[in-house]
1. For helix B:123-143, report the angle its Cα long axis makes with the longest principal axis of the Cα atoms of chain B; keep it between 0 and 90° and round to the nearest 10°.
2. If you find the alpha carbon centre of segment B:466-514 and of segment B:23-58, how far apart are they in angstrom?
3. DSSP loop (so not H, G, I, E, B), at most 14 other Cβ within 10 Å: list which trypsin sites (Lys or Arg not before Pro) in segment B:478-548 pass both filters.
4. Mark the label point 7 Å from the Cα of A:Trp51 along Cα→Cβ and return the residues of segment A:5-34 whose backbone N is within less than 14 Å of it.
5. Between rounded, prolate and oblate, where does segment B:163-367 land on the alpha carbon gyration tensor, with a ≥ b ≥ c its root eigenvalues, rounded for a/c under 1.5, else prolate if a/b exceeds b/c?
6. Out of the chymotrypsin sites (Phe, Trp or Tyr not before Pro) in segment B:27-131, which ones are loop residues according to DSSP with at most 14 other C-beta atoms within 10 Å?
7. Treating only the Cβ atoms of Lys and Arg (+1) and Asp and Glu (-1) as charged, compute the dipole magnitude of the protein assembly as shown about its Cα centre; round to the nearest 20 debye.
8. Rounded, prolate or oblate: which one fits chain B, using the alpha carbon gyration tensor with axes a ≥ b ≥ c (rounded when a/c is under 1.5, else prolate when a/b beats b/c, else oblate)?
Amino acid sequence: MRLEKCWFCSSTVYPGHGIQFVRNDAKIFHFCRSKCHKNFKMKRNPRKVKWTKAYRRLHGKDMTQDSTFEFERKRNRPERYDRNLAENTLKAIKKIDKIRSDRASDHIKNRLKTGKVQRQKEARKQLELGIHLVKAPLALAQDSSLCLPKIKVNVSQAQTEENQPMED
Amino acid sequence: MVQYNFKKITVVPNGKDFIDIILSRTQRQTPTVVHKGYAISRLRQFYMRKVKYTQQNFHEKLSTIIDEFPRLDDIHPFYGDLLHVLYNKDHYKLALGQINTARNLISKVAKDYVKLLKYGDSLYRCKSLKVAALGRMCTVIKRIGPTLAYLEQIRQHMARLPSIDPNTRTMLICGYPNVGKSSFMNKITRADVDVQPYAFTTKSLFVGHTDYKYLRYQVIDTPGILDRPFEDRNIIEMCSITALAHLRAAVLFFLDISGSCGYSIAQQAALFHSIKSLFMNKPLIIVCNKTDLQPLDGIFEEDRKLVMEMKAEAMKTVIGQGGEPTNEEGVLLTMSTLTEDGVIAVKNAACERLLNQRVELKMKSKKINDCLNRFHVALPKPRDQKERPACIPQAVLEAKAKQAAEKEKRKTEKELEDEYGGAGVYSASLRKNYILANDEWKEDTMPEILDGHNVYDFIDPDILLRLEELEREEGLRQAEEEGDDFEMDGQELSLEEQEALAEIRKKKSLLIQQHRMKKSTAESRPVVPRKFNTDRKFTTGRMGRQLSSLGLDPSLAINRARSKSRGRKRERSVDKREGDGGDAMDIDDNQASKKLRLRSTSRSRSQSRPPGEVIPGEGLKDSAQKIKAIKLAKKSVLKRNKNARRGEADRVIPTLKPKHLFSGKRSIGKTQRR
């Protein structure tokens with residue numbers, strides 16, 4: 001029993017899911033669900049379809065080269081069973097997974113950093129230019145801090161009586 | 001010798017059908033139209049043709065019958081005898097003879113009538129001659145009708161005879177009825193012979209085929225034979241006698257040890273001795289069947305003596321062939337067809353004996369000399385008298401011995417399975433012969449999948465080392481990361497700045513929204529100067545609030561706005577204020593002036609009441625009811641307004657027959673109704 005990777009979107013295909021297609025040249029394609037299968041039949045290139053892993057890797061959205069990928073390699077020769085080795089492997093898998101996901105999220109964070117910097121600059125500019133909408137330049141000249149002026153509302157009891165027949 | 005194929009004999013039609021066939025053929029194949037005005041020779045020719053044609057057909061058909069049925073002298077004596085036994089040679093020959101005579105008679109008739117026809121002088125006479133000729137021919141056939149029926153029956157039976165090749169390797173099974181011959185047959189061949197508890201279940205010969213040492217053997221199952229004098233035997237028994245007599249085969253004489261066939265061993269022995277003349281020159285094997293009911297060792301003394309006698313007889317046949325040393329094993333065998341114990345051994349022994357005998361015969365016959373020059377066994381020329389036997393290393397001999405011992409000692413999985421309760425109950429542990437570093441690990445189950453990964457892909461003898469390296473790397477990388485993070489924090493906005501920014505953005509979006517609303521209604525909205533605008537947004541209070549929200553002091557602006565506006569009662573209000581000085585309550589004045597101000601700014605328009613205001617004389621209970629009434633009124637008017645009706649009674653139709661509804665073809669469909 002093996003978990004395969006979907007040929008189109010590169011997600012894992014668990015047993016009991018998806019479709020396998022064998023072409024006349026004996027190449028096997030695994031698909032995780034009918035969405036990927038239908039896209040394949042439409043001859044779409046996964047490298048051009050935005051939501052696939054292939055696209056993301058190609059366009060640098062996700063991490064491509066890392067030493068953690070070297071650990072997972074399809075081995076064709078079976079190894080003789082060794083309980084200690086099996087135990088160690090199972091523990092190692094978890095650690096490797098954690099490291100890999102950390103590195104991947106760091107990669108994404110780094111990628112988004114430039115956007116963040118730019119947005120902050122823009123915000124600063126907008127603040128500078130648009131401050132006149134919330135605080136008059138005159139008031140700004142008097143009090144250069146950015147603390148916003150409060151609205152002064154005169155509240156008196158007689159006024160409320162007068163307003164009543166109007167609003168009825 | 002003509003080759004006969006019993007299955008390919010053409011069907012013999014019965015008398016009436018025969019006549020019908022021939023006559024209708026004559027009718028169809030010869031010309032039918034004749035008139036009395038024709039020339040006489042033509043008439044004669046016409047009728048002669050018919051007669052001759054009929055005769056020819058009869059001749060043909062009868063000849064085929066005679067030729068296709070086998071002549072008993074020409075076929076293999078086994079078949080000759082078999083046919084004689086089944087159908088009686090004399091009757092058969094007589095029948096065929098009758099057909100022959102009929103054929104000749106018909107020829108004679110035809111010849112005579114053709115001669116007479118040569119002198120026929122009118123149509124009528126020729127015609128009646130022809131009728132007479134055909135009639136006589138048909139009578140002949142009618143007379144041999146029963147013969148034809150008999151021949152048809154024989155033909156059908158012959159077609160169903162088993163196809164026994166008398167020249168190939170054959171094994172014959174014989175014995176009393178019910179001893180187990182047919183069951184044995186079923187066991188060693190694919191034949192499916194009826195096995196029933198009553199005697200004479202098998203009524204004719206059955207053939208099956210079996211293989212031994214890459215050669216095909218015929219196995220013939222015979223009906224049982226009873227111990228009777230030769231003349232009293234019935235047809236069924238005669239079949240088996242015939243087979244015994246003529247076929248060169250290995251004979252397996254079956255003996256029922258237990259006596260469950262209904263005949264004692266003594267009777268069976270008596271039968272054996274009476275037919276032992278038939279076993280001349282045939283390898284004979286005595287088979288004791290049904291040993292599951294009665295083992296051979298447990299029978300009585302007399303019976304044992306009889307069996308030994310039979311064995312002695314059988315031995316004679318062994319000695320008679322080939323001068324081999326007396327091979328005791330192949331002569332008397334025991335088996336049980338029920339438990340399948342010894343069946344294969346019997347078959348092998350019989351095949352072996354037969355094969356040896358045939359080889360011997362071939363060697364002795366002349367034919368072998370033709371083939372001998374094709375055989376050549378190459379032997380190295382002996383240099384000296386020293387013996388050089390084959391050299392087998394000691395290790396190999398030992399290994400062979402050990403293997404043999406192991407084979408006997410080792411318990412097979414099948415035996416284990418049987419021991420522990422059979423196929424459904426016991427499941428063999430497939431792992432028990434695994435070779436592992438530690439035997440405790442044999443029954444371990446290792447997971448194949450973990451967290452969406454295949455575990456097998458990760459297995460590596462030095463995975464721990466690599467993991468350590470990786471973790472070290474990761475530590476370094478994380479340290480670097482933290483250094484980078486510190487740089488970033490300086491650029492962020494403070495809390496105040498963020499609030500201000502949020503306000504700016506809100507304000508801006510409000511402005512944009514309002515602009516959009518204005519834009520979308522621009523065409524239908526009248527452009528009214530500010531003093532007439534109905535929303536009444538442009539008040540000084542509002543202005544004051546807006547200015548103060550920006551942080552400016554609005555009072556100057558408000559005063560200026562008021563001073564600039566033209567109100568009717570401005571002077572009076574000013575007087576009032578001056579008059580009272582500081583004693584009048586500022587609030588009241590302010591209120592009064594405010595009301596006046598409001599009235600003055602909208603001087604040109606009268607102020608309407610709010611829509612839901614209840615006027616006492618109207619007859620409505622309260623504001624809610626009034627609003628509902630207004631709604632109903634509006635609803636009733638809406639539809640009419642949309643249809644551009646001026647009122648309830650407006651039923652004007654501007655165009656009674658608009659052209660587009662009363663003319664025009666449809667692009668698809670019919671224009672049956674408009």
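1. Approximately 80 degrees, to the nearest ten.
2. 122
3. Values: sites: B:Arg505, B:Lys506, B:Lys507, B:Lys508, B:Arg516, B:Lys518, B:Lys519, B:Arg530, B:Lys531, B:Arg536, B:Lys537, B:Arg542, B:Arg545; in loops: B:Arg536, B:Lys537.
Taking segment B:478-548 and a limit of 14 other Cβ atoms within 10 Å, the loop trypsin sites (Lys or Arg not before Pro) found are B:Arg536, B:Lys537.
4. A:8-11, A:32-34
5. On the way: a/c = 1.35, a/b = 1.20, b/c = 1.13.
The shape class here is rounded.
6. On the way: sites: B:Tyr38, B:Phe46, B:Tyr47, B:Tyr53, B:Phe58, B:Phe78, B:Tyr79, B:Tyr87, B:Tyr92, B:Tyr113, B:Tyr119, B:Tyr124; in loops: B:Tyr38, B:Tyr119.
Answer in residue order: B:Tyr38, B:Tyr119.
7. Details: 160 positive and 108 negative charges, 2125 e Å.
Value, rounded to 20: 10200 debye.
8. Numbers: a/c = 4.55, a/b = 1.99, b/c = 2.29.
Because a/c hits 1.5 or more and a/b fails to exceed b/c, chain B counts as oblate.
Bear in mind these aren't lab numbers, they're just calculated from the coordinates by the rules spelled out. This is a predicted model, so every value here is computed, not measured. Glycine also receives a Cβ, built like all others from the backbone with ideal geometry; neighbour counts cover every protein chain displayed.
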